Amino acid sequence: MTGVRKFIFITISLAFLLNGSFAQKNKNQLQKEKQKNLARIKETEKILSETSKKKKNSLGELSAINQRIRDQEALINSIEHEVQLLERDLQENFGILSTLEDDLDNLKAEYRKMVFAAQRAGSSLNKLTFLFASSTFDQFAMRMKYMEQYSKARKEQVRAIGLVQQLLKEQVRQIDSLRSEKTTLLDDEIKENNQLTSLKKKQKTIVQSLEKEEKNLRKELAETKKAVAKLDKLIAEIVREEMERAAREARAGLSAAASLTSASFEGNKKKFAWPANGFISQKYGRQRHPVLTKVETWNDGVNIQTKEGEKVKSIFQGEVRRVAFIPAIGTSVIINHGEYFSVYAGLKDVYVKSGQKVTSNQEIGSVMTNGEGISELRFQIRKNIVALDPEEWLRK
């Protein structure tokens with residue numbers, strides 16, 4: 001095999017191997033993403049099932065169906081990305097296949113030239129005549145070496161042809177495998193899109209049903225606002241007490257510990273584990289009501305809709321400052337972390353008491369399920385009295 005031919009062959013082989021390695025890495029990433037989406041769908045389905053058992057067409061069911069639609073769209077999106085990756089891999093493999101076919105044609109053409117030249121050289125007698133026609137011993141040795149190299153080149157050419165044919169065969173097999181995988185994914189995509197259509201029909205039915213209960217919805221909203229106002233008042237009271245205590249400790253030279261706790265809390269921003277499993281049913285800040293037109297609410301934290309009896313954990317070490325029951329939103333636990341506070345409202349059973357030290361990820365209670373079958377934790381993070389967006393502090 002000539003130096004040029006070796007270079008072409010090695011380049012093709014490396015391209016073949018690197019293409020497979022790179023594609024596999026991307027494929028693995030997409031499949032992990034798809035598995036995460038399927039796990040989220042399973043979790044949301046369980047929440048949806050529990051919520052709808054208690055009461056059909058509730059705000060909780062609407063919230064769960066909305067999340068279920070988002071999960072479904074994310075799954076379809078990951079399938080679409082996988083299909084696009086497979087299509088790209090197919091095109092790259094077709095390119096390699098074409099290059100291999102051209103290379104094989106060139107190798108065969110070169111081999112035909114060698115065979116033709118060998119035939120022209122004739123019999124063994126002609127070869128002997130060629131050798132013994134040498135005028136010097138050095139010329140004889142050179143002609144002998146040439147004949148050996150020529151014979152070796154022909155054998156290498158045959159091996160190269162066989163090797164490229166093997167690569168071609170493997171390339172065709174890989175293309176067939178990719179085509180089959182792509183067909184399966186496209187069938188999955190059709191199935192998941194049909195499921196999405198079904199979910200959106202269900203969503204529409206729930207919204208239409210809830211629109212007929214405007215009076216009850218407004219009443220529930222008013223009760224919730226009153227309960228949240230009580231919680232805000234309680235937090236303000238605790239913060240005032242903490243600030244007064246901090247001032248006393250500063251005068252006595254005892255404020256270093258609180259400062260260290262605050263700094264440690266800040267240092268863990270974006271690293272905190274979620275206080276409960278589930279999905280965000282209401283984000284931080286101003287929100288439009290999902291059913292009532294022109295009605296907006298303000299949320300000082302996030303609402304996490306979850307399963308019945310879901311355990312709630314402290315996001316960071318600290319001291320429980322208050323455990324208080326508030327009608328309409330259940331029991332609240334407020335934990336102090338220096339200048340910061342984490343608030344867990346909507347609990348049923350509580351495992352801690354005021355003044356108790358807690359650690360990160362310690363279970364502090366379980367989520368309450370209301371009369372409509374909704375299990376929802378109201379979670380806040382505050383720096384003194386200022387409410388912060390928990391999604392900017394919790395892990396993605």
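The values are calculated or read from the model by the stated rules, or taken from the named source; none is laboratory data. All figures in this text were calculated on a predicted structure; none of them were measured in a lab. With ideal geometry, Cβ positions are generated from the backbone for all residues, glycine too; neighbour counts draw on all protein chains shown. Keep in mind that these areas ignore ligands, DNA and RNA; they rest on the heavy atoms of the full protein, side chains included. Shrake-Rupley method; radii C 1.70, N 1.55, O 1.52, S 1.80 Å.
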Is the range 191-251 best put as rounded, prolate or oblate by its Cα gyration tensor, with a ≥ b ≥ c the root eigenvalues, rounded for a/c under 1.5, and otherwise prolate when a/b is larger than b/c, oblate when not? oblate
Across the range 232-390, how large is the tail of the calculated P(r) beyond 20 Å, expressed as a percent of all Cα pairs? 50
Cleavage-rule hits, trypsin sites (Lys or Arg not before Pro), the range 225-328, DSSP coil, Cβ neighbours within 10 Å at most 13: K269, K270, K271, K294
Normalised by the number of residues in the range 149-308, what is the relative contact order in percent for Cα pairs under 8 Å and 6+ residues apart? 15
Can you check how the C-alpha radius of gyration of the range 304-396 compares to 2.2 N^0.38 Å, as a plain ratio? 1.02
Rounding to the nearest 20 debye, state how big the charge dipole of the range 52-107 is about its Cα centre with +1 on each Lys and Arg Cβ and -1 on each Asp and Glu Cβ. 1340
Gap in Å between the Cα centre of the range 296-350 and the Cα centre of the range 50-74? 23
If the reach is capped at under 17 angstrom between alpha carbons, list the lysines near K233, excluding any in the same chain fewer than eight residues apart. K225, K383
With all protein chains present, how much of the accessible area of the range 238-314 (probe radius 1.4 Å) comes from carbon and sulfur, to the nearest whole percent? 49
Using just the alpha carbons, could you tell me how many Å³ per residue the convex hull of the range 276-323 encloses? 123
Here the tail fraction of P(r) beyond 15 Å, over all Cα-Cα pairs of the range 324-376, rounds in percent to 46
Of the residues G267, N277, V228, the Cα lying farthest along the dipole of the range 202-357 towards its positive end, which is defined by charges on the beta carbon of Lys, Arg, Asp and Glu, belongs to N277
Tally Lys and Arg at +1 and Asp and Glu at -1 over the other residues with C-beta under 15 Å from the C-beta of L377: what net charge comes out? -3
Ignoring solvent entirely, what values of log10 I(q)/I(0) come out of the Debye formula for the range 216-306 at 0.15, 0.26 Å⁻¹ when each Cα is a single scatterer? -0.85, -1.30
Using Cα positions and a limit of under 12 Å, work out the aspartates and glutamates in reach of K55, with same-chain residues fewer than 8 apart set aside. E372
Proximal aspartates and glutamates relative to K215, as straight alpha-carbon distance under 15 Å, when same-chain residues fewer than 8 apart are discounted: E223
Please go through the residue pairs K36/K200; K270/K311; K212/K348; K54/K353 and name each one whose alpha carbons sit more than 24 Å apart in this structure. K212/K348; K54/K353
So with the 1.4 Å probe, I'd like the accessible area per residue for the range 255-303, rounded to whole Å². 56
